[in-house]
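To keep things clear, I will list the structure first and then write my remarks on it.
The values are calculated or read from the model by the stated rules, or taken from the named source; none is laboratory data. Everything numeric here is computed off the predicted structure, so don't read it as measured data. Using ideal geometry, Cβ is built from the backbone for each residue, glycine included, and neighbour counts are taken over all protein chains shown. Side chains are part of the model used for accessible areas, which takes the heavy atoms of the whole protein and leaves out ligands, DNA and RNA. Shrake-Rupley method; radii C 1.70, N 1.55, O 1.52, S 1.80 Å.
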Amino acid sequence: MQVWKDYQAQHQDRFLDELLSLLRIPSISADSRYSQDVKTCAEAVQQRLQEAGADKVEICPTAGHPIVYGEKIIDPKLPTVLVYGHYDVQPPGPLELWHSGPFEPVVKDGRIYARGSADDKGQFYMHVKAFEIMIRTNSLPCNIKFMIEGEEEVGSSNLGIFIKENKERLKADVVLISDTAMLSLENPSLDTGLRGLSYMEVEVTGPNRDLHSGVYGGAVANPATILAKMIASLHDENNHITIPGFYDKVLELSKAEREALNKAPFNEAEYKQDLGVQELWGEKGYSTIERTGIRPTLEVNGIWGGYTGEGSKTVLPSKASAKISMRLVPNQDWHEISDMFKAHFEKIAPKSVSIKVTAHHGGSPYVTPTDHVAFKAASRAIESTFGKSPIPVRGGGSIPIVALFEKELGLKTILMGFGLDSDNLHSPNEKYDLANFYKGIETIPYFHQYFAEMSKK
């Protein structure tokens, strides 16, 4: 609709300024030192929803960080869309690798550089501005509810409790999320699913104190060495995960489904050049697209132990630790996988060390039915603004709460993301292209219009 485009063109500079203000707030949910900043960000989200035209906007406290809830009910007989997003962000380190301050947003070469720009402040804020456009142009075609949380980056454990306690308030017809990526603006795509997650931490302890590596080296097991060997054993020569039972419930795709998946545009040379690697790595027998979408993985997210400061210190460390995440695919249960990992890691540990395994958080995989009316509405919306139908793809990331939406609320989720895989999520120099930000705002109203229209049929 031209009226939507006109309003956006008139106010898009303000839309950007408002987003930059949100990005300046270091809402790091994983670090307790930033608890007040997380609260401040929740208050800012509340204010923006109110200004956009939402009713009954409130900050809902939890045992952790708060949830911002708002709604606009124009007619209870009309369909209702529940928009989910998160205002918390990942820790920014290592800081020395940032070109500019992670919470000092910079717009350069058509991109916003800041922590949270794509994950997920820039993406959920598209929905707030799209909502404002529909309100101000008197064209809102359905009811909208917003649930913007502050703990997605740490597992959303309190959001699960909130959902169970507020089922009546959260009644809707579908959940709409923009916290994923598309292939490109030239080749728009729509996610048909997400992988699940199991996030673990392991600690290996040897001697009761750090030891002189000359005096004791060769006589006492080095926890860092033992840990490295144990981690290395988790993959075989084909990069297949060696935990017994790990693949037992993996849902295998048919040959036809794999062929369809691999039709998505992919340039391996450009992929390697962008990442600065000479060769790709992964499970034998699968393409890169399959490895990052339909196959489970096990990755070390961090590893530490002993002396890591400047210069040298010849020490045999008392402890060594690592954080390990496993991405899961349909039919894998993250609780079962966490238990499998713990049992296996404890079993392979030599008697020369003791082991502690801690499960932090996780979530189930999810697949969106492509024949659902909301998926068709999203596809049609993208076609309206991009001029071509989106390519169905499987997302490699995880949004742990999505499976719970279906379990507790009985709702399907549409994953209509506008980010890019190259946005440096969870890394230094996270960015979000202005073109994607504005294209998302332009597209979202069409989803609501088409979903309202198609739901009547």
The number of residues in region 129-145 that are surrounded by 24 or more Cβ atoms within 10 Å (Cβ to Cβ) and in contact with a Leu (Cβ under 6 Å, 6 or more places away or on another chain) is 1
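Looking only at residues that are among the acidic types (Asp, Glu) and closer than 25 Å to residue 405 by Cα in region 25-84, which one is farthest from the chain's Cα centre (by Cα)? Explain how you work it out, then say what you get.
The initial filter retains those residues of region 25-84 that are among the acidic types (Asp, Glu), namely 31, 37, 43, 51, 55, 58, 71, 75.
This time we only want the ones that are closer than 25 Å to residue 405 by Cα, so: 43, 55, 58, 71, 75.
On the way: 43: 22, 55: 28, 58: 24, 71: 24, 75: 33 Å.
Out of the qualifying residues, it is 75.
Take residue 342 and decide whether it is open to solvent by 60 Å² or more (accessible area, probe 1.4 Å), more than 22 Å from the chain's Cα centre (by Cα) and either without any contact (Cβ under 8 Å) to a residue 24 or more places away in the chain or closer than 18 Å to residue 233 by Cβ (or both). It would help to see each step written out before you state the result.
Details: open to solvent by 60 Å² or more (accessible area, probe 1.4 Å): yes; more than 22 Å from the chain's Cα centre (by Cα): yes; either without any contact (Cβ under 8 Å) to a residue 24 or more places away in the chain or closer than 18 Å to residue 233 by Cβ (or both): yes.
For residue 342, the condition - open to solvent by 60 Å² or more (accessible area, probe 1.4 Å), more than 22 Å from the chain's Cα centre (by Cα) and either without any contact (Cβ under 8 Å) to a residue 24 or more places away in the chain or closer than 18 Å to residue 233 by Cβ (or both) - is met.
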query: Just a yes or no: is a residue in region 245-253 at pLDDT below 95, in contact with a helix residue (DSSP H, G or I) (Cβ under 8 Å, 6 or more places away or on another chain) and surrounded by 10 or more Cβ atoms within 10 Å (Cβ to Cβ)?
result: yes
- Tell me, yes or no, whether region 308-319 has at least one residue that is under 23 Å from the mean Cα position of the chain (by Cα), open to solvent by less than 70 Å² (accessible area, probe 1.4 Å) and modelled with pLDDT of 95 or more. no
For region 309-330 the number of residues that are touching a strand residue (DSSP E or B) at 6+ places or on another chain (Cβ under 8 Å), outside any strand (DSSP E or B) and over 20 Å from residue 199 (Cα atoms) is 3
By residue number, the members of region 385-403 that are under 20 Å from residue 186 (Cα atoms), at pLDDT below 90 and open to solvent by 20 Å² or more (accessible area, probe 1.4 Å) are 394
